[in-house]
1. To two decimal places, what compactness ratio does segment B:1-80 give when its Cα radius of gyration is scaled by 2.2 N^0.38 Å?
2. Could you please state, rounded to a whole Å, how far the C-alpha centre of segment B:8-35 is from the C-alpha centre of segment A:31-90?
3. Quick check on my link table: of A:LYS17/B:LYS9; A:LYS17/A:LYS37; B:LYS9/B:LYS71; A:LYS57/B:LYS9; A:LYS37/B:LYS14; A:LYS1/B:LYS9, which ones sit more than 26 Å apart, alpha carbon to alpha carbon?
4. Quick one: among B:THR55, B:THR104, B:THR20, which has the greatest mean-square fluctuation in a GNM of chain B with alpha-carbon springs under 10 angstrom?
5. Select from A:VAL45, A:VAL92, A:VAL27 the residue whose mean-square fluctuation is largest in a Gaussian network model of chain A (Cα-Cα springs shorter than 10 Å).
6. Using DSSP loop states and a limit of at most 13 other Cβ atoms within 10 Å to flag trypsin sites (Lys or Arg not before Pro), what is the longest stretch of chain B containing no flagged site?
7. When Lys and Arg each count +1 and Asp and Glu each count -1, what net charge do the other residues less than 13 Å away from B:PRO109, Cβ to Cβ, add up to?
8. Write out the trypsin sites (Lys or Arg not before Pro) in segment A:49-105 meeting two conditions: DSSP loop, and at most 11 other Cβ atoms within 10 Å of their Cβ.
Amino acid sequence: KNQVEQSPQSLIILEGKNCTLQCNYTVSPFSNLRWYKQDTGRGPVSLTIMTFSENTKSNGRYTATLDADTKQSSLHITASQLSDSASYICVVSGGNQFYFGTGTSLTVIP
Amino acid sequence: NAGVTQTPKFRVLKTGQSMTLLCAQDMNHEYMYWYRQDPGMGLRLIHYSVGEGTTAKGEVPDGYNVSRLKKQNFLLGLESAAPSQTSVYFCASRREFLSAHTDTQYFGPGTRLTVL
């Protein structure tokens, strides 16, 4: 069964600290993996997109990694800011289908 | 470019009432999608369209209908609203597939619907 699982479900960190979010998937065939940021009351916005051949992709303070062999991805946030408080959703596409994780809710506190 | 827009932003309905949610995109995308998002669950696909005049069922289509009369618009209808349809609804669009490197969905801001 094609699934996307994210951990942790929620996370609270202090401003300025780093954190890593995890995404494990069982989707096959695989086309790409995207991380979205969803602010409260807003629609998801794409942060990074990675294909099978890419190990790392950065977008400012966000760095995503992909291990296609173990079917795992991570999103690392460096020097967190209050504005990073949001839900982060991992989406895997394959066979013209999209599979969504349930998201990690990140709260950055001062 | 406005991207993907949704109307209305909020709505409260009584059980049995009907309504239509409008999604519009100005990126000339072929594909459009309607999702619902509920607490503790990932986005779930209701219906989608691969082009003007075509629609197809997603994971949770019951109680909803859709139409894609124009390429830029995708309408989601609730004929007889039920409390179980209380949710946040997101529309998304996507261009035709060119490369896995650029294949991305663009989401609208959402419509928060409450059915009493």
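Coordinate-derived values only; no laboratory data. Source: prediction; values computed, not measured. Don't worry about glycine lacking a Cβ; one is built from the backbone with ideal geometry, like all the others, and counts go over all protein chains shown.
1. 1.09
2. 27
3. Those over the limit are A:LYS17/B:LYS9; A:LYS57/B:LYS9; A:LYS37/B:LYS14; A:LYS1/B:LYS9.
4. Most flexible of the set in this elastic network: B:THR104.
5. A:VAL45
6. With trypsin sites (Lys or Arg not before Pro) excluded where exposed in loops, chain B gives B:15-69 as its longest stretch.
7. +2
8. Passing both the DSSP loop test and the Cβ count: no residue.
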